[in-house]
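None of the figures in this text is laboratory data; all of them are computed from the coordinates on show. What you are looking at is a predicted structure, and each value in this text was computed from that prediction instead of being measured. As a convention, Cβ positions derive from the backbone with ideal geometry for all residues, glycine included, and neighbour counts pool all protein chains shown.
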Amino acid sequence: MKRNIPHLYKTLFPFMIIIKNINNYFILISGYICILQKINGLKKSQQTFWETITDTPQFELDNSKIDILKGWYSIQFYSETLNNNSTLYPEISIDYGNGYVDNENIALEHNNSHYHIQIYFHKSPVGIRIIPCRQAGLIFKLNKIKLKRIPLPLFIISAAINIYKRDTKNGRNFWDIIQEKLKLIHDFGLIYTINNLNTLISNNEDGLDWGVDYTRWISEVETRYHRNIKTKLEKLQQNSNKNNHCILIISNSLTDTNIDVSLNSVKNQLLAPCEVLILHKTSKVYCYSTTDKNISKKVVFNTWKSTTHSNIITLLKSGDQLSEYYLLALENCLHESPDCDVIYSDNDERSADGKRCNPHFKPDWSPDFLIESNYIGETLSIPLHHLKNFLYRYKQPIQFLTLYILYHFSQDNNADIKHINQILIHCKHSNEKPTPHNGNLAALKTILAKNHNTSISVKNDNKQYRVKHPLTRSLPTVSIIIPTKDKISLLKVCIESLLTITDYENHEIVIVDNQSIKSETHSYLNELSKNPLIRVISYNKEFNYSAINNYAVSKTQSDIVCFLNNDIEITHSEWLSELVSHAIRPAVGCAGAKLYYPDGRVQHGGVIMGIGGVAAHAFYGEEGDSAGYLNRLSSVQNYSAVTAACLVMRRELFLSIGEFNHKQLPVAFNDIDLCLRLREQGYSVIWTPYAELIHHESATRTDDIRRSNEIKTEVQYMQIRWRKWIINDPAYNHHLSLTIGNDFEYSLRQKNLSSIDARTSIDINPAQYPYLIENNEDRIAAIVTDEIKIRPDKKAEKPGLSIIILTLEKPELIEPLLKNLIIAKKELYNRKKINIEIIIGDTGSTSPEINSIYKTLISDVTIVRDLTYHFSQCNNLLFSEYVNFDSVLFLNNDIIFEDTINALYRMYVALNDDQKTGIVGSFLTYPDGRLQHGGVSIIEEGDSKGLCYHPGHGTVFKKPAIDSVIPIPAVTGACLLIRSDLFVSCGMFDIQYEIEAQDIDLCFQARRLGYQSLLSYPGEVQHLENATRPKGEENNQDRARFVRKWAVFYSEMMS
Amino acid sequence: MKHILFLAERMSIGFGVSVVIGELTTRLAKKGWLVSVGCRQFDSYFSERCNVIKLEPNSRAIDSYASKHNVDFVIAHTTPYFEILPKLNGSFETWAWEHGDPTPSLFPFDRDQRQKFIDYKRNHVYPHVDHVIAISKFVQQEINWPLAEVIYNGCGHIEIGPPKKNLDEPLNVGALMRLGEGEHYYKGGDRYIEFAKQFALENIPMNFGVLGRGTPEEGKIFKQAGIKTHLNATEEEKSKYLQDLDVFLSLSLWEGFNLPLVEAQASGKLAIAFDTGAHPEVTPFIVTNLNELKTLLLSLDKNRERLYQYTVKSQQFCLKKFNWETTIDMTLELLSNKTQRL
C-alpha cells in the first residue's frame, strides 16, 4: 500500500532517495525502500556489474510505495564502466500518466565524477525510467543514484547563479542579462518562467521545444528540408507529366513598388516557371507578361486564359515573396496529389531590415477557421481550370480574388486542399491595422449567401469575422447528459446555472447517477426529478465513462445529445445555441466549447494530438482573453478532437458511429477516440470560442496517480489505434511543439525525421510493429518497383579491385584518400600485379577546391558527377556502369587508412582466400582510438529482437593480430569488399532502404546464398563517422523492413 | 458442458478458414467442449467431421439458436457474421476471430466497398465484442486493433514426415492458390506464370506445379506456361502434392497467415514468400522481388545440401511455432476467464 508522506514533512524536509550500489534497491533516508527494476536490455555481469544487451537498456523506479510530488528535483547518477574509456550518457524518462515518450527523454549532464540534472516535475510522475546509455555491449556498475527535492527558493537562487555565470562567460554584461530575464518574466509570466528555468539553464542545447528561437529553427530544420527537397529536383524536372507553372502577381496598381519584391523572388526559383504575369484588374482584363523587372508585353487577359500552356497558377500577392523552393515543393506536392484543388503553404514575415520573423505554422485545411480568420493568406496555387471558373463568376476587385476562391472551397465538402507544411512564402511584416475594406466581407457574404440566415460581423480590428450559423426554425430537441456520483456541491452549481442561464429552450437534462452513496445526494436527485425538465436515471455498475454515457443516450429520444461534466458551470446564455448551430450542420460530427478555470485561465481550447504521448488540451493555462497563436483561441475552427466535458452532436450520428468505446476506453480518451472516428469518416470536429463555460476540473480529480495507472492500457490503445494522428495532427503543425505546456511553440522535432515525407517517427519500435510502420500497400508497391530495378548488362569478371566512393564536398577528406588510393593502385600493380580502378560518385559538390582536386586526378580516377544522393541507387549505378573487376570495395569518403597499400592488399587476399567468403569488412576506429565498427550483430531477445546493433561501439579498441579475420553476421557499407558476381546475384544494394540497413541486408543475402562475411584487421582504418551524413538520421521504415525480412531467418538459420 | 458456436460464411474444402474452424472444433471437442459451427454453405467433408448447421446471419436466428442450445460463446470468423455480433442479445460472450481482409487496393473495382467493410468492423464490431483474436501479428496491426490477442494457427493437421533429400533430380517447385483470373494479381498467379516461363525460356531444368480451386479453363493458362496443374484436389491429394515438392512458393500480395505455406514447411519443404502480409512471421525465407527469388532458387538448386539443411530447420521452426496444442491452450485460457465468471 502506498504510504503518504505527511505534507508538512514534504514541504519542510525535502526528501532524498539514494540508490546504493548496484543490485536492486533504493534506500530512502526517510525509511522507504524502492526497487529499481530492470526493464529492458540489461543483464547481470559478474556480481556487481550490468551489461547492456540492447541500445535502449532501461531501469524503472518502482515508486508505488512513495509519492514523488510536483516540484524541482536534483538527480545525480554515479557509475563506473568496466572499461574506463567508455562513457554512459544516462537519460531519464518520465511518465506523467500518458506513457513514456522516447523523444522527450532528458539527458543528464556530465560533471566530474557523476552525471546530474535539475528537473521540474510538473505533476507527480507515475513512473520514472533511467536509460543508462544508448549502447549495447557496455558493462557498468551503478554506484548510486540520488533523487533530491529542491525547495523552490533554493532552486531559484541556484538557477539564477548558474544562468548568470553562463551568460557572463558568453561575454554578456549584467544589465543585458537582467533586462532579458525581466522580459521573459513579462512575456511568459513568473510561474511559467520559473517552471521552465531548466531550459534556460541548459541554454536550449538539448533540443527541448520551449523557447526555440526561429533563427535556430531555420538553421536546423528548414535547411534540412531544403537539402532533401533539392534531391528531387532532377527527378521532377525530368518527369514527363511535369506541370507548367505560371505565377500571377496580383496588385492594385502597376506602380506598386511591392511588385519588384515579388518578382525578384520569382526569378530565384529553383524550378523555373513557364511564365510570370502581373494582374492588376480583372474587369478590364488586361495583364502584363514579364520575365524580368521590365514589363515585356501587354496581353489581354482573356486571350491569355485561352492560349496559355500553363496549367498550375500561383496567385502571388504583390509584396509576398516566394521561397526559392516554392515551385519545387509545389511540383512535388502535385506529383503526389495531381488532382487537388488548391495548395497552400506556411509563411513567415520579413521585417523592414529583411530579417525573417513570425512564422505562421498553419493547420491543414480548416474551412471554419478560414472563414472566421483567414489563416492561409493571399498566396496560393490552383489549377488553371479552377481559376477560369472563378474569374467567370467573380465581379469584385482583383485583390480579393484569392479570398473568394478560398471561401468558395470552404463550402465544398469534397474539396481537396493540400497544405505544404513548410515556410515557402515570406510576407511583409506590418504592425498597421488592416484598413477596413468591404471587399473581403463582400466575398464572404457572396459565398455564404447560400446558407440562409448565416450572419457575419467584423471583429478584432478587421482581422477576423464572426460567422453565426442559423438554427432551424423548430429548435432540435437536446438531451444534456450529466453523469454524476455524489459531490453534489459541484452538481448543484452545474444544474442551477444550467436552469437559470441557458437560453436554449428545447432541451431536457438527463442526470445519470452512477452509484452515489450519500443520502444527501439521493435527496437532491429526488428533488431534481420533480422538475419536468430533468430526468434522473441510474447506472448501477462500476464506473465506465463510456458505458454510462452510452446507456444514457439509449434512454433518450432527442435529436441532439450534449455530454456535460457535472463540474461545469454555465456562464453564458448562448452556449448551447452556439454548439447546436454547429452540430446540426450535415458535415459536422460534433462541436466542443471553450472551457475556463474558475480563475479565468483557459482549460480547454481544443485538443492537440501527440502532446504528452496521446493528446492534450490546446492553450491549457493561457490567459482567458488571449487571441492565441494565429488567432486560434478566438476563432471557430476544425480540430481533430474536443473534450467531452462539453460535447454536442447529433444523436443518430452518435449511434451510427459506434458510440463511446466502452470496451477499450472505459475511463480516458473516449471522447478523443469518438472524435477521431468521426474525422476518419469525413465529418469535421468544431471547436468554438463562442460557447464559454467554466470547468472546475481540478475539483473532480483527486487521485491523478491512481488514475494514471488505470489508464495505461488506454494509452497503449490510443497510441497504436490513432498513431498517424498522434504523430502528425492535421489540425496542428509538425513544426510546433508536442511538449506539455509548450503548445504552439516552434519545435525541432522534424529535424530527426529521415525524409521530407516520412510518415513514421521514432516513437514506435520497428521490431514490435513492423507492419504498422510500413503497411501492406507500401510493401506491395516496393515489390512492384523492384521488378524494374537496374541489372547490369556487362559482367565485371576481370581479376582486380574496383573501388567505389560516394562523396560530397569535404576536400580535406577526399583529397588525401584519393591520393593514397592512387599510390596504392600503382604500387599494388607493380608489386602484386593487382589491377585497381577508382570510381568516384559525386553527389553535388560545387566548391572550387573539389573541382581543382578532380581536375588534377582525372587521369587516375573515374569521376561521375551530379548524382543525387541515395546510397543504394548511386552505388548500384556506378557498379553497373563503370566496374570492370571481380571484386568491388565500397568506401565512405571519411575513411582513413593508416597504410592504404597493405590494407587493400590484406582485404583483397582475405576475400579470395576462401571460396566461401563473399564479403570482407574491416575494424574501423575513431581518431581517438575508440571502436567505431566491429561488425554488426542482431539483438536476440526483448522488445527489440531482430534489430541490428554495433557491438562494442565506442569502447577502446584492442587491436587484433594483423591479417586476422572473424566470421560476422554483417559489416558496414562504409568499408565493404564483395565479389562482383555475388553483388549482382544479390541484386546489388536494395534500393528500398532509404537510409540504413542496405549493407546488412546485402551481407544477409550473401549468407543465405552460402557466402560468409568476414571482419578483418588489415591495419588501422579510421572512420570519421557522420562526416557525410548528419547524426541521428535513423529510419524506422528501413528498420521495420530489415526486421520483416531477416529477423526469423537470423534466429532460425544463423544464430 | 460449455457450448461454443463458431460462425463462418462457409465450411468447404479449399478454404483456409474452414480448415482452422475444423481443427478448433475437433480439438476443443476432445477437451470436453460442445462445439457447433453455423454457416451458410458447407460440404460433406466438414459436415462429417463437425456439427455443422445452416444458420442465417441475422441476430434473431443466432439468438434463437444460442438460447435453445445454451450457447456460452458465439465466435464469428468471417463476414457477415462479424457484423451481427454487436446486435446479439444473449447471455453469452461474443468474439471476433479475425483472419484479416486483403488490402483493398488489390481490388480496384470494389476497393472503396472493401475499405468500408474494414472500417465498419473497427468502428462497430471490435469495440462491442468481448475478445478480438487475430491470427497473426500482421493482422493485429493491420486491423489496427492493438488489444487483439494473437493466436496462431497450427500445422499438425498435415502429414508430417522427414524432409527428403533431392540430390540429383530437377527441383520440384510448387504453389497453392485459387486459380480464378480475378485473383491472379492478388494471389500472385500472373507472377508465378511469368516466373515459370522465364525458367523455361532459359532452359533451366526445374519443374513447376500449382494446386488449387478453379475451372479447367482457368487451369489452362497455367498449363500453357508449362506448369503442372492440379485442380480441385482433395485434402489427401493436397498432402501428396506437398510431399512431392522440394520448394514451395507464395507470390501472394496479401495473406493474413498463409496456412499452405506453413503446411508446406511442416511437411518438410522449404517455403519462400514475398515480404507481404504475415509472411515474415511464418517463414524464414522472405524475398522482396522476383530477381531475388530467382537467385535464391538457382543457388539452392546448385547446392542441394544447403537446401536440405534449410528445409530441416524450416520444419523445426514451423513445428515449434505453429501447433494446434498451443492454439487450443491459448483459446482455452481466454474461454476459462468467462467460464470462471459463469
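Across peptide A:655-662, the average count of Cβ atoms from other chains found within 10 Å of a residue's Cβ is 3.
At an R0 of 60 angstrom, the distance between the Cβ atoms of residue A:428 and residue A:144 translates into a FRET efficiency of 0.55. Sorted on the mean count of surrounding Cβ atoms within 10 Å across their residues, most packed first, peptides B:221-229, B:195-203 read B:221-229, B:195-203. In this structure, the residue pairs whose Cα-Cα separation is over 22 Å, taken from A:232/A:267; B:238/B:269; B:240/B:269; A:798/A:826; B:31/B:137, are B:31/B:137. Structure shown: which of A:44/A:945; A:541/A:663; A:518/A:541; A:70/A:485; B:164/B:313 lie over 21 Å apart, alpha-carbon to alpha-carbon? Result: A:70/A:485 exceed 21 Å. Taking the DSSP bridge list for the protein assembly as shown and keeping only pairs wholly inside it, about 50 percent are antiparallel. Note on the protein assembly as shown: dipole from Cβ charges, positive end direction compared against A:1002, A:948, B:133; the farthest Cα belongs to B:133.
Approximating the spin labels as points 7 Å out from Cα along Cα→Cβ, the residue A:496-to-residue B:169 distance works out to 9.3 nm. To the nearest 0.05, what FRET efficiency results for residue A:351 and residue A:260 with a Förster distance of 22 Å applied to their C-beta separation? For residue A:351 and residue A:260, the calculated efficiency is 0.75. Mean partner shielding of peptide B:136-144, defined as the number of other chain Cβ atoms within 10 Å of each residue Cβ, is 4. Cα centroids of segment A:535-553 and segment A:654-685: how far apart, whole angstrom? When both Cα centres are located, 17 Å separates them. Once both labels are positioned 7 Å from their Cα atoms along Cα-to-Cβ, the gap between residue B:316 and residue A:389 label points is 6.6 nm. The charge dipole of the protein assembly as shown, taken about its Cα centre with unit charges on the Cβ of Lys, Arg, Asp and Glu (plus for the first two, minus for the last two), comes to roughly 460 debye. Principal axis extents of the C-alpha atoms in the protein assembly as shown (largest first, rounded to whole Å): 95, 88, 82. FRET efficiency for the pair residue B:26 and residue A:775, taken as 1/(1 + (r/R0)^6) with r the Cβ-Cβ distance and R0 = 45 Å, rounds to 0.80. Partner shielding of B:290-302 amounts to 4, given as the average count of beta-carbon atoms from other chains within 10 Å of each residue beta-carbon. Spin-label model, residue A:175/residue A:712: points 7 Å from Cα along the beta carbon direction are separated by 5.7 nm. Per-residue packing, averaged as other Cβ atoms within 10 Å, sorts the ranges B:256-264, B:63-71, A:875-883, A:566-574 into the order B:256-264, A:875-883, A:566-574, B:63-71, beginning with the highest.
Multiplying the residue separation of residue A:242 and residue A:412 by 0.36 nm and removing their Cα-Cα distance gives an extension gain of 58.4 nm. Can you list the trypsin sites (Lys or Arg not before Pro) in segment A:815-921 that are in a DSSP coil and have 15 or fewer other beta carbons within 10 angstrom? Of the trypsin sites (Lys or Arg not before Pro), the ones in loops of segment A:815-921 whose Cβ has at most 15 other Cβ atoms within 10 Å are A:833, A:865, A:916.
Between amide H atoms placed 1.01 Å from N, distances below 5 Å from residue A:428 occur with A:350, all of them 5 or more places distant or on a separate chain.
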